[in-house]
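S.K.: Before I ask anything, here is the structure I am working with.
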Amino acid sequence: MLGSLFGRERRYWERTAVAAQISYTSPAVLDEAVAVAALYGAKAAEEAHNVIRRLMHLDGRDGGIARRLSGWLREQYPGGSNRYWGRLAPVALRERIVVNAVAVNPTMVSAILPHVTTDQARRALPLLVRACARHPDLAAPLWTAALHTQQLITLLLDTMAATPSGVPDALTDEIRAALIRPQTPVDTARFIADRIRDQSGLFAGQGPAVAGQLVNGYRRLAADRREYRPALAEALRHLVASQVAEDQYSAALDTVSEEVDLRRALAEAAPADATEVFEGLNAALFTQADLLDREGRPVHALAAVAAAVDGYERLGAANDSGLRERFAAALSLHGRLLDETGRPEEALTSTAAAAAQYRLLAEDEPERHLGSLASALTELSSLYRGLGQHRPALEASTEAVDLLRRRGDPDGFELAAALQRQATDLGDQGSHQAALDRIAEAIGIYERASTDQSLAGMAAAYHARATHLSDLDRADEALDALDDAVTAYRVLAARSPAEYREVLAIALTHQAAQLDDLGRRHDAVNDLAAATDIYQSVVTENPLDLAAQRRLGAYKIELGRMWAALGDTQRAARLHRDGELLIQHATETEESGGTATG
């Protein structure tokens, strides 16, 4: 339909151009003339003449040609009393005529746009911005034309921000390149940066290399102008996200440390009501804490997240719905790190506060926040359990399970894990059969999923089932469950030794103990010997792992006891001696503050 309409219009141009004695070498000449008229429009004759002169590359002596062609265009599309050129209708036809012509001859943009009136530029830019989505090659001449004046830059950026379909990637690429390119005059780069409302589009989809170049571009802007430091801080935040997305955690930690230092300086110079500045610092501190935790530095991570929690409290985040989610996340991390650094009572306080905040969030947006509330309750139940407060532990884990049932879980893994933790709390209360029911439900979820992730959960569930069956004096069933756990852990350890071999060793020792209780001592020896071999490998690979040394020593002593019961006293004595020496060495090394050497 549109193609037929376009063809009819073109034939009409050709007929009327001949009648008006308009000279043209090909239909494309008329196409371009109609296209610039449709693109830029004109309120007055001089505006129209200017556009045609620049299209035809005419100098002042050829004014008659420009007047004749612009007058012919006025006859085709009259604008009435207030416009020299009228609007071409329908809009879809106008866009097709313009885009087709401009795609073939981009100078219709680069040679004309910098020299038209503001009204003409405003008319042209929305169509040109949209055209860049289908014709990315138009972005470079459009951006180059806009760089001629600060007013055009402003108009283009405002048009891009108001485009309902979103900013074409090709135009974003041009803006990004202008900020990165050292050849861009710093005043121009600053002018551009001032008018970018949100940096997210510049960094979206960019890897750390390009994101780092953008940060360097913002560093150039902020080098001697303090007012650009907030923009640099935001750019650093985006670089951190890019590095984390590529698992470059060490580099991300360096970057976020720079961001934190910069935001601290901004906060120190800011007035007390500069909420946005302090929010930025708190968010950066939280990210820094998370990355420090990933790097195995919990003490430093705790200091960072404690500063974030303090900052959120000073902003009144507990009563601010806009800050509550970030505050809750900071409290949750704070609680976990307090627990890891041996401060469980304080961890309980912080985690309970996190749960309270997530509860408020879940009241407003249950679908979004019920999972976070369930996670906080699960952490809370673990802390209560560690402090010997079994009843509140069970209450918290039971509520977590109820919440996950209510929310629904696509693969069920969160619910299965919560069920296992609830089973532990039920067992602590002596309700072993109820615990077994929860574990059976969890195993059913894992069996239906049948993935590597579900196998790990299933192994843990089998192990937990064995514990509860043993507590109920159902030794044979407990042994069957342990056998299932060991089988699963063997598969996992074969696929990922570093992650699962120690867990396999622990399961083997439990199976050995169960076999020993049932009088199957030779089988017990075989399992415990396999566990001992695993830990021997761990200690050989990492002589500094004192915990592994102690566990290896304990296994050797227990294995010696079993051999002694079987009558091999010589082997038993050697194992006992080796085990005691390992434990003694680990203890002395730790007490002296030195390092183990083997």
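S.K.: Is it fair to say Arg219 is open to solvent by 10 Å² or more (accessible area, probe 1.4 Å) and part of a helix (DSSP H, G or I)?
M.R.: The answer is yes for Arg219.
S.K.: Pick from region 42-58 the residues that are surrounded by fewer than 20 Cβ atoms within 10 Å (Cβ to Cβ) and hydrophobic (A, V, I, L, M, F, W, C): which of them is nearest to Arg123 (Cα to Cα)?
M.R.: Here the answer is Ala44.
S.K.: Taking Leu337, is it touching a Leu at 6+ places or on another chain (Cβ under 9 Å), closer than 28 Å to Arg229 by Cα and part of a helix (DSSP H, G or I)?
M.R.: Details: touching a Leu at 6+ places or on another chain (Cβ under 9 Å): yes; closer than 28 Å to Arg229 by Cα: no; part of a helix (DSSP H, G or I): yes.
For Leu337, the condition - touching a Leu at 6+ places or on another chain (Cβ under 9 Å), closer than 28 Å to Arg229 by Cα and part of a helix (DSSP H, G or I) - is not met.
S.K.: Okay, next question. Which residue, of Leu155, Leu142, is in contact with a Lys or Arg (Cβ under 9 Å, 6 or more places away or on another chain), over 29 Å from Ile22 (Cα atoms) and crowded, with 16+ Cβ neighbours inside 10 Å? Walk me through how you get there before you give the answer.
M.R.: Details: Leu142 fails: in contact with a Lys or Arg (Cβ under 9 Å, 6 or more places away or on another chain).
When all the criteria are applied, what remains is Leu155.
S.K.: Here's something else I'd like to know. Looking only at region 158-172, which residues are in contact with a Lys or Arg (Cβ under 7 Å, 6 or more places away or on another chain) and either among the β-branched types (Val, Ile, Thr) or surrounded by 11 or more Cβ atoms within 10 Å (Cβ to Cβ) (or both)?
M.R.: Ala161, Thr163 - these are the residues of region 158-172 that are in contact with a Lys or Arg (Cβ under 7 Å, 6 or more places away or on another chain) and either among the β-branched types (Val, Ile, Thr) or surrounded by 11 or more Cβ atoms within 10 Å (Cβ to Cβ) (or both).
S.K.: Answer with yes or no whether Ile175 is outside any helix (DSSP H, G or I), among the aliphatic types (A, V, I, L, M) and either at pLDDT 95 or above or open to solvent by less than 80 Å² (accessible area, probe 1.4 Å) (or both).
M.R.: no
S.K.: A follow-up question, please. Take the residues of region 80-92 that are buried (at least 17 other Cβ atoms within 10 Å of the Cβ) and touching a helix residue (DSSP H, G or I) at 6+ places or on another chain (Cβ under 7 Å): which is nearest to Ala35 (Cα to Cα)? Before you say what the answer is, go through the steps one by one.
M.R.: Step one: filter region 80-92 for residues buried (at least 17 other Cβ atoms within 10 Å of the Cβ), giving 83-86, 88.
Next, from what is left, pick out any that are touching a helix residue (DSSP H, G or I) at 6+ places or on another chain (Cβ under 7 Å): 84-85, 88.
Numbers: Tyr84: 15, Trp85: 12, Leu88: 10 Å.
Applying the filter and picking the extreme gives Leu88.
S.K.: Among the residues of region 435-448, is there at least one that is β-branched (Val, Ile, Thr) and surrounded by fewer than 24 Cβ atoms within 10 Å (Cβ to Cβ)?
M.R.: yes
S.K.: Which of the residues spanning region 295-312 are loosely packed, with under 15 Cβ neighbours inside 10 Å and of a type in the set (D, E, K, R)?
M.R.: Answer for region 295-312, where residues must be loosely packed, with under 15 Cβ neighbours inside 10 Å and of a type in the set (D, E, K, R): Glu295, Asp310.
S.K.: Go through the residues of region 107-122 one by one and say whether even a single one is touching a Gly at 6+ places or on another chain (Cβ under 9 Å), farther than 29 Å from His57 by Cα, part of a helix (DSSP H, G or I) and not small (Gly, Ala, Ser).
M.R.: no
S.K.: Among the residues of region 506-514, is any surrounded by 19 or more Cβ atoms within 10 Å (Cβ to Cβ) and within 25 Å of Ser397 (Cα to Cα)?
M.R.: Checked region 506-514: at least one residue is surrounded by 19 or more Cβ atoms within 10 Å (Cβ to Cβ) and within 25 Å of Ser397 (Cα to Cα).
S.K.: Kindly check whether there is at least one residue in region 256-278 that is surrounded by 14 or more Cβ atoms within 10 Å (Cβ to Cβ) and within 17 Å of the chain's Cα centre (by Cα).
M.R.: There is at least one residue in region 256-278 that is surrounded by 14 or more Cβ atoms within 10 Å (Cβ to Cβ) and within 17 Å of the chain's Cα centre (by Cα).
S.K.: Also, I was wondering about something else. Considering only residues that are without any contact (Cβ under 8 Å) to a residue 24 or more places away in the chain and part of a helix (DSSP H, G or I), look in region 340-352 and name the one that is surrounded by the most Cβ atoms within 10 Å (Cβ to Cβ). First the steps, then the outcome.
M.R.: Initially, region 340-352 is screened for residues without any contact (Cβ under 8 Å) to a residue 24 or more places away in the chain, giving 342-343, 346, 349.
Going one step further and asking which of them are part of a helix (DSSP H, G or I), we end up with 346, 349.
Working: Glu346: 14, Thr349: 16.
My answer is Thr349.
S.K.: Also, I was wondering about something else. Quick check on my filter: what residues within region 392-418 are at pLDDT below 95 and under 18 Å from His468 (Cα atoms)?
M.R.: Hits for region 392-418 are Ala416, Ala417, Ala418.
The values are calculated or read from the model by the stated rules, or taken from the named source; none is laboratory data. Nothing here was measured: the structure is a model prediction, and the numbers come from that model. Cβ: placed from backbone, ideal geometry, glycine included. Neighbour counts: every protein chain shown. These accessible areas exclude ligands, DNA and RNA; they are computed on the full protein's heavy atoms, side chains included. Shrake-Rupley method; radii C 1.70, N 1.55, O 1.52, S 1.80 Å.
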